[in-house]
Amino acid sequence: MNRSDGGGKPEVLVIGGGATGAGVVRDLAMRGVAVTLAERGGLSAGATGRSHGVLHSGARYAESDPTGAAECIEENELLRDIAGACVADTGGLFVSLEGDDDDYFERKRDACREVGIDAEEVPVAAARQAVSGLSADVSRAMRVPDGVIYPSRLVAALAADARGHGATIRTHSPVTDIRVSDGAVTGATVDGEHVDADVVVNAAGAWAEGCAALAGVNVPMQPTKGVMVGVDYDGVGPVLNRARSPSDGDIAVPHAGRTVLGTTSVVVDDPDEYERGDEEVQRVIEECAAMVPAFRDAVVLDDYWGVRPLYAPGERRRAAATADEPGTGEARGISREFTLLDHGADGVAGFYSIVGGKLTTHRVMAETVADRVCDRLGVDGDGRTGETPLEAADDPERLDRLVTAFDARSPADADIVGGVALEE
Ligand SMILES: Cc1cc2nc3c(=O)[nH]c(=O)nc-3n(C[C@H](O)[C@H](O)[C@H](O)COP(=O)(O)OP(=O)(O)OC[C@H]3O[C@@H](n4cnc5c(N)ncnc54)[C@H](O)[C@@H]3O)c2cc1C
């Protein structure tokens, strides 16, 4: 029996303080559900704070994954409305170089239009105005509505909003056990303390497999690492993409005092322990320099690594089989779309895992989870997260204070977020 049957308010525990977990907590709290977020580090300590931070228009995936692309453009437009200074409207540009596949460029442009992404081929001269130092080899260019997300601010705003609606946010609070009784979840151990819960949501990203195992459930993940490299170059206006199948070193993201180059995608066995090799850093710089040769000689300001939370039932064996050695398999083919797993089917009712997806689509992922949790708890009402602006969205200084308060500073936007040291 859960507390909803016994008259008390049902309790939900969400594990993981990335964009997905913080999004779930915000959505549930706005629907009046009692919810606690437990994050083992500071907020956005995982992939969320260690990504490119591109607010995808969906153009990157339009020809290979139209469903995912349609989801991106919908969420992209919605985040521009609700997320204020957590995002920047930089625009995006896809460029083809001499020798690149012209058919691919056209397929991408047509696929974008099919799913409602406003993609427009522009003269190369216009592209040169938007990106200084663009290679002489650029032969075609296409404008798309990409943008940039500042993930620390986004997650801090989500958490502040949730807290304003009654949620409890616990940082530096690892979940080390999940209790199950009579085929249903009953609680968890959070930072050494027993916490009762009628529902537990596993939003632990690349760590979801380990978290699910705490409840005796198998969630096969195929984490892949990627490196981003910050270089001292401020001539890039829009997010710059190479018009080819997603590959190493094909994105350059404009920031305040630097350009962030990315990335690689290499299978890792353990999302905490993996090699961070200089060879990958150099590969990214070299590949991006095909678009802007000056990247090659720009001063490297920083590099940081993230691990994608890719769900891969059946993929792990395939990736391992194609790897030259364990842990080095290429894994770009694995779906970036998200999956909600209801572990009632595994004998643990009230336990859910949300895996895969993107930073750009965190809100719809969260809404999908919240819908399911509310069904289980008998809570009426639709999600309103898509139409309600985030707390402090239009106040960058306040956002940055929230980042500090939730210990959400992360490498992806360290140059943007002021890090005002005042606690809220
Ligand atoms: C290299 C790279 C580049 C990317 N670029 C982009 C991009 O440009 N645009 C885009 O939209 N997406 C991008 N992504 C994908 C995006 O970053 C992720 O899909 C998204 O951020 C995942 O968010 P999450 O909340 O699901 O996971 P995470 O952010 O990883 O959060 C999971 C959290 O769970 C916590 N946790 C783990 N175990 C426990 C435990 N036992 N107890 C408590 N807490 C725990 C972790 O500390 C972590 O903070 C990129 C990803 C990578 C790796």
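Brief remarks on what is shown
- Residue among Glu286, Glu275 that is within 16 Å of the ligand (Cβ to nearest atom), open to solvent by 10 Å² or more (accessible area, probe 1.4 Å) and not in a strand (DSSP E or B): Glu275
- Taking residues in segment 169-192 that are under 24 Å from Arg26 (Cβ atoms), and partners anywhere that are open to solvent by less than 60 Å² (accessible area, probe 1.4 Å) and more than 15 Å from the ligand (Cβ to nearest atom), the pairs with Cβ atoms closer than 6 Å and at least 6 places apart or on different chains are Val185/Val348; Val185/Gly350.
- Thr263 being within 14 Å of the ligand (Cβ to nearest atom) and not assigned by TED's automatic domain parsing to the domain that holds Asp346: yes
- If you go through segment 35-54 and keep only what is open to solvent by 20 Å² or more (accessible area, probe 1.4 Å) and in contact with an Asp or Glu (Cβ under 8 Å, 6 or more places away or on another chain), you end up with Thr36, Ala45.
- Any hit, segment 383-398, residues being part of a loop (DSSP other than H, G, I, E, B), within 14 Å of the ligand (Cβ to nearest atom) and buried (at least 16 other Cβ atoms within 10 Å of the Cβ): no
- From the list Leu28, Leu13, the one residue that fits, being within 13 Å of the ligand (Cβ to nearest atom) and open to solvent by less than 10 Å² (accessible area, probe 1.4 Å), is Leu13.
- Test: residue in segment 154-173 that is of a type in the set (D, E, K, R), more than 30 Å from Val253 (Cα to Cα) and within 16 Å of the ligand (Cβ to nearest atom): yes
- Checking each residue in segment 226-247 for being open to solvent by less than 20 Å² (accessible area, probe 1.4 Å) and touching a Lys or Arg at 6+ places or on another chain (Cβ under 8 Å) picks out Gly226, Val227, Met228, Gly230, Val231, Pro238, Asn241, Ala243.
- Where helices (runs of 4 or more DSSP H) sit wholly within segment 69-165, those with at least 1 residues that are not assigned by TED's automatic domain parsing to the domain that holds Gly249 occupy 151-164.
- Restricting attention to segment 406-424, the residues that are at pLDDT 90 or above and open to solvent by 30 Å² or more (accessible area, probe 1.4 Å) total 6.
- The number of residues in segment 55-72 being within 14 Å of the ligand (Cβ to nearest atom) and open to solvent by 10 Å² or more (accessible area, probe 1.4 Å) comes to 5.
The values are calculated or read from the model by the stated rules, or taken from the named source; none is laboratory data. These figures come from a predicted structure and were not determined experimentally. Glycine also receives a Cβ, built like all others from the backbone with ideal geometry; neighbour counts cover every protein chain displayed. Just the protein is used for accessible areas: all its heavy atoms, side chains included, with ligands, DNA and RNA removed. Shrake-Rupley method; radii C 1.70, N 1.55, O 1.52, S 1.80 Å.
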